[in-house]
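Structure record follows, encoded as structure tokens.
The values are calculated or read from the model by the stated rules, or taken from the named source; none is laboratory data. Predicted model, so just to flag it, every value in this text is computed and none were measured. Every residue, glycine among them, receives a Cβ derived from its backbone with ideal geometry; neighbour counts consider all protein chains shown. Each accessible area value is taken on the protein alone, full model and side chains, heavy atoms only, with ligands, DNA and RNA left out. Shrake-Rupley method; radii C 1.70, N 1.55, O 1.52, S 1.80 Å.
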Amino acid sequence: MTEQSGSGGRIRPTGKRRRKPSRRHRAKLAAIWTLAAVVIVGGGGLGYAYFKLNGNLKAVDINAALGKDRPDNVDNGSEDILVLGSDSRSGANSEYGADEGTARSDTAMVVHVNKGHRAASVVSIPRDTLVTRPECTSDTTGKPVAGEQRAMFNTAYEVGGPACAVKTVESMSGIRMDHYLEVDFTGFKKLIDELGGVKITTTRAIHDSKSHLDLEPGTHTLDGEQSLGLVRTRKSVGDGSDLGRIQLQQAFIKALMEQVKSVGVFSNPKTLFDLADTATKAITSDSDLGSVQQLTGFANGLKGLGAKNVHMVTLPVQYDPADPNRVVPLEESAQQVWTALKQDKAIPASATEKSAGDKGVAGSVVR
């Protein structure tokens, strides 16, 4: 999430997936905030509750949009989910800046859930990463959008919506995304408030005029507005770049996952329904998760995941020699990361040792 602005259209479901559903489909971080949001849906009610929650959902048919020119769909029991935080400033999000007519995916995470669904790896992709963006189709006009060398990663969503973001990640990683999940500013705030806030401990003060966050050192229970401020903060931590903000986001996500576990979501029907109602309004998913039944099956398969089972890294990058405001992937190290996910293995520590995003400065501010 950032200070950048925009709104964008959404493509809607137009058909069923072209491949047969796999066993994995029975089994996400608000990945993992969104993962947490989806887990909340697990076990959500019958009858009226089912139809109400079903009516909340928005879905995008990624498979129809991308066709068959994608990485192989490897059915080994693991799952890969692209989780985006969108920064549209339209509607209720307008308080965070002017709407310039487009939206960007300024928080992006690839969530790999291992076979057996007892562990997960999360790879954050900095929004300022310069990538080769493939040719896409605009989700607002339906017209082709030319590919581009050295394009900022978050422009994929801006020019082509969710399908273009998925296509760009698949091009970078060589990994087919099984699912897509998106959450926006307002939905995120409401979810945190419904959850009763999230407890975090700051080791030093955070005062950020851009994200409107003021915290002294100590333990705090952040409401939705403060939580949004934390995951948007960058100027006052680390080197002031997006890499520091990612570390804050990762620390917050783990705290959020622990909070979901601690409030008895699955043992209190009213709490479960209220959270599910908020969560299903907050997210946009791919069409394979576009119903309560599908989301519930998926979320139930992830109940065993806890913060201690989730390994979070930032895509290995270095500052671009030609533009210090941008980063470029460390190709060899990045390949180590993607290979580990493909092979359903833990990401080796050596993959991130040389990365500009692995300094731990911002992450040490929150625990």
Working out 0.36 nm times the residue gap between GLN318 and ASN73, then minus their Cα-Cα distance, what length gain in nm do you get to one decimal?
85.1 nm
Order GLU135, GLU170, most accessible first, counting only protein heavy atoms with a 1.4 angstrom probe.
GLU135, GLU170
Around THR203 (Cβ within 14 Å, Cβ-to-Cβ, excluding THR203; K/R +1, D/E -1) the net charge comes to +1
Accessible surface, per residue, of segment 210-367 when the full set of protein chains is kept, probe 1.4 Å, Å²
42 Å²
Could you pull out which residues in segment 187-207 have an amide N less than 18 Å from a spot 7 Å beyond the Cα of ASP223, following the Cα-Cβ vector?
187-200
Given a 1.4 Å probe and heavy atoms of the protein chains only, how would you sort VAL74, VAL313, largest accessible area at the top?
VAL74, VAL313
